[in-house]
Amino acid sequence: MAIHVLQSEQDLLSKTASGDQQAFAGLVDMYWNKVYSHALAYTKRQAQAQEITQDIFLHIWHKRDHLTEVTSFKNFLFIVGKNQIISAMRRNLQATVAPDGSELYEEVMQADHPLRYKEAYQQVLEVIEQLPPVRRKVFKLSRLDGLSYEEIAAQLNISRNTVKEHIVKSLNYLRQHLQAEGHFVALMILFSIFF
């Protein structure tokens, strides 16, 4: 059964790459709920998650010529999805107005504000320190040291799934904490660096 699904997916990718809209609709049907759930987990807003999901599939349709080179559509979809979610979060931050009326994103990202960027990055690091010890270690090994899930699992003698669970929970905690505290610049840094 798994082989049939894989062949079916490869067939859909090949046909989509050739411009077959029905094949593309099949891919959308196959993955819509997963992509939408992932977007909703980050945005916490149904309308925004819906829009991001549409943008992800629209992006894939526009880049369909490259689908024949894709060996794992699931991984490809994850990367495209991650990039679209980050872009959406950046757009939200660009629209966020600081108390003095200026736009936070524009202010911070300009070269003459490295101190504000550094302070916001420090806020992210401080929230990382609030994570439980094992979760903090896993997160730092992954996001600061650049180790793969497999390398972390081997080093800490835990499963790859446990590593993944720690990363997901860490990112959710960091996002929720920074959002609740109104640290929008730090939240932007979180999405641009750690996701």
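Bear in mind that the values in this text are calculations on the coordinates, not laboratory data. This one's a predicted model, so the numbers in the text were calculated from it and none came from an experiment. In this analysis, Cβ positions are derived from the backbone assuming ideal geometry, glycine residues included, and neighbour counts consider all displayed protein chains.
Calculated FRET efficiency, Gln176 and Met30, Cβ-Cβ r, R0 30 Å, to nearest 0.05? If you can, show how the numbers build up before the last one.
Numbers: r = 30 Å, r/R0 = 1.01.
It comes to 0.50.
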query: Tell me, what ³J(HN,Hα) does each residue in the stretch 135-141 have, in order and in whole Hz, if you take phi through Karplus 6.51 cos²θ - 1.76 cosθ + 1.60 with θ = phi - 60° and put x for Gly and Pro?
result: 4, 4, 4, 4, 4, 5, 4
message: Within the stretch 20-60, list the residues whose amide N lies under 13 Å from a label point set 7 Å along Cα→Cβ of Asn83.
response: 56-60
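Which peptide among 46-52, 63-69 comes first, and what is the full order, when sorted by highest mean count of other Cβ atoms within 10 Å?
Numbers: 46-52: 15.7, 63-69: 13.7.
Highest mean packing first, the order is 46-52, 63-69.
If R₀ is 35 angstrom, what is the calculated FRET efficiency for the pair Glu126 and Lys63, using the beta carbon separation as r and rounding to 0.05?
Details: r = 38 Å, r/R0 = 1.10.
Once rounded, the FRET efficiency stands at 0.35.
List the pairs from Lys34/Lys164; Lys82/Lys164; Lys74/Lys169; Lys63/Lys140; Lys15/Lys169 whose alpha-carbon separation is above 26 Å, in the order I gave them.
Lys63/Lys140; Lys15/Lys169
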